[in-house]
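The values are calculated or read from the model by the stated rules, or taken from the named source; none is laboratory data. Note that the structure is a prediction, hence the values are computed from the model and not measured. Heads up, the Cβs are rebuilt from the backbone with ideal geometry, glycines too, and the neighbour counts pull from every protein chain shown. Side chains included, ligands, DNA and RNA excluded: accessible areas come from the protein's heavy atoms. Shrake-Rupley method; radii C 1.70, N 1.55, O 1.52, S 1.80 Å.
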Amino acid sequence: MIEEIKFKRLKIGMKKPFVISLGSTDYYDGFIVEVTADGITGYGEAVPTPMITGDTAGSIEYELSYFSKNLTGMDENPEMLNDFMKRTMVSSRASRNAIDTAIYDIISKRAGMPLKRMLGGHKKRIMTSFTVDLVDSKSALKEADDLINDGVKVFKIKLGSGIDNDVDRVKTVRDAIGNDKIIYVDMNQAYNCKQALRLSNMISKYEIEFIEQPVNEYDYTGLKCFKKGSFIPVMVDESVKNPENAAFILKNELADMVNIKLMKSGGITDAVKISDICDAYNIPVMVGCMVETKVSISYGIDLALGRKIVKYADLDGFSSLNNDITKNSVIFNDGYITNHDIPGAGFELADPKALGF
């Protein structure tokens, strides 16, 4: 039974702004949530990304205040809690994620099992991409060089600043990293089908693994048009926020791959359902993230390592933060990411008291 839910707002400076076609982030502003059930404590995270999920710091704070009062005394059943949160706070995503993941942390700790094993345990580690932001080519070159020095082997290049600029950015990064490393590109809804296809054809010679979300999330005609005309596979991101979205996209053959993010799906409960739908259609999955601490990144790793259908990971959201609030958590080495093989989600908070818990 849930005994108590606490949450604290946290602001962390960033090493560099995170810039995409939908907007930019200059600092981390999120919430860490502590849930206690039957004497066991679990932690989750909620991050506002209004341009993608619609969540704001204000909406998250209101929802967490409501949940902290109304979930107390309920059984720590993820499915039941998820349904209750959806019914009472219809638009909630990040706040649901914080509660849902904390519950999974508790359940796996009680079982004495790492969460990644509880979710399937199909992998020990997975290669992850790191992002080259929507910057000029000179800055993109520096970012790529820095990532190479850090051991990165997969590069995700943000597009959406104009076709010529985007082509130049991709060429610059490919020339810098050589032909033995992997490139994904992400348009973040920046173009219509005609523009996106033109750009796709222009960058196809640079050996692009896939193109992520080329058109508006609701432009299903554009998605179908792009999938039909592009030589590069298309992955949807913003178009899939819940299992219903995934079923619609895959039934209508609008994409080749799906990006699951816990902040979009509202936690592990619905993320697993999305991955199962993709598995049924034999559609590869990537587990992605927002700008997040290693708390939420750890859950992304658990999902990526646990589910068989997950082929890709984009779990670099912690890398731009100045401070790490965890210990014994994320491990990045030689291009691969994993977390510690301990009961629970695979991390510990470095100093819960410093956060106010």
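Scanning the range 121-151 for residues that are hydroxyl-bearing (Ser, Thr, Tyr) and open to solvent by 20 Å² or more (accessible area, probe 1.4 Å), which turns out nearest to Pro17 (Cα to Cα)? It would help to see each step written out before you state the result.
Pass one, the range 121-151, residues hydroxyl-bearing (Ser, Thr, Tyr): 128-129, 131, 137, 139.
Filter once more, keeping what is open to solvent by 20 Å² or more (accessible area, probe 1.4 Å): 137, 139.
Details: Ser137: 16, Ser139: 12 Å.
Within the range 121-151, the match that is nearest to Pro17 (Cα to Cα) is Ser139.
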Number of the condition not met by Thr49 [criteria: (1) at pLDDT 95 or above; (2) surrounded by 17 or more Cβ atoms within 10 Å (Cβ to Cβ)]: (1)
Which of the residues belonging to the range 54-98 are out of contact with any Asp or Glu (no Cβ under 9 Å at 6 or more places or on another chain) and either open to solvent by less than 10 Å² (accessible area, probe 1.4 Å) or not in a helix (DSSP H, G or I) (or both)? Gly54, Thr56, Ile60, Leu64, Phe67, Leu71, Met74, Asp75, Asn77, Val90
Which strands (runs of 3 or more DSSP E) sit wholly inside the range 285-357 and have at least 1 residues that are among the charged types (D, E, K, R) and at pLDDT 95 or above? 310-313
Extreme residue, nearest to Arg96 (Cα to Cα), among residues of the range 234-287 that are small (Gly, Ala, Ser) and open to solvent by 10 Å² or more (accessible area, probe 1.4 Å): Ala247
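Restricting to the range 147-188, give me the number of residues that are part of a loop (DSSP other than H, G, I, E, B) and not acidic (Asp, Glu).
Narrowing the range 147-188 to residues part of a loop (DSSP other than H, G, I, E, B): 150-153, 159-162, 178-181, 187-188.
If we keep only those that are not acidic (Asp, Glu) too, we end up with 151-153, 159-162, 178-179, 181, 187-188.
Looking only at that region, the number is 12.
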Count - residues of the range 306-324 that are hydrophobic (A, V, I, L, M, F, W, C) and touching a Pro at 6+ places or on another chain (Cβ under 9 Å): 2
Log entry, pairs with first residue in the range 215-240 being of a type outside the set (D, E, K, R), second being open to solvent by 40 Å² or more (accessible area, probe 1.4 Å) and part of a helix (DSSP H, G or I), beta carbons closer than 6 Å, six or more apart or on different chains, reads Phe231/Ser204; Ile232/Ser204; Val234/Lys227
Need pairs with beta-carbon distance below 6 Å; first residue in a helix (DSSP H, G or I) and within the range 120-144, second of a type in the set (Gly, Ala, Ser); sequence gap 6+ or separate chains. Leu141/Ala176; Ala144/Ala176
Can you find a residue that is within 23 Å of Thr56 (Cβ to Cβ), open to solvent by less than 20 Å² (accessible area, probe 1.4 Å), at pLDDT 95 or above and in a loop (DSSP other than H, G, I, E, B) anywhere in the range 204-226? yes
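Which members of the range 274-284 meet the condition of being in a helix (DSSP H, G or I) and in contact with a helix residue (DSSP H, G or I) (Cβ under 9 Å, 6 or more places away or on another chain)? Step through it out loud before you land on a result.
Going residue by residue through the range 274-284, those that are in a helix (DSSP H, G or I) are 274-280.
Ile274, Ser275, Asp276, Ile277, Cys278, Ala280, listed by residue number.
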Could you tell me which of the residues Ala255, Ala271 is touching a residue at least 24 places away in the same chain (Cβ under 8 Å) and assigned to a helix (DSSP H, G or I)? Ala271
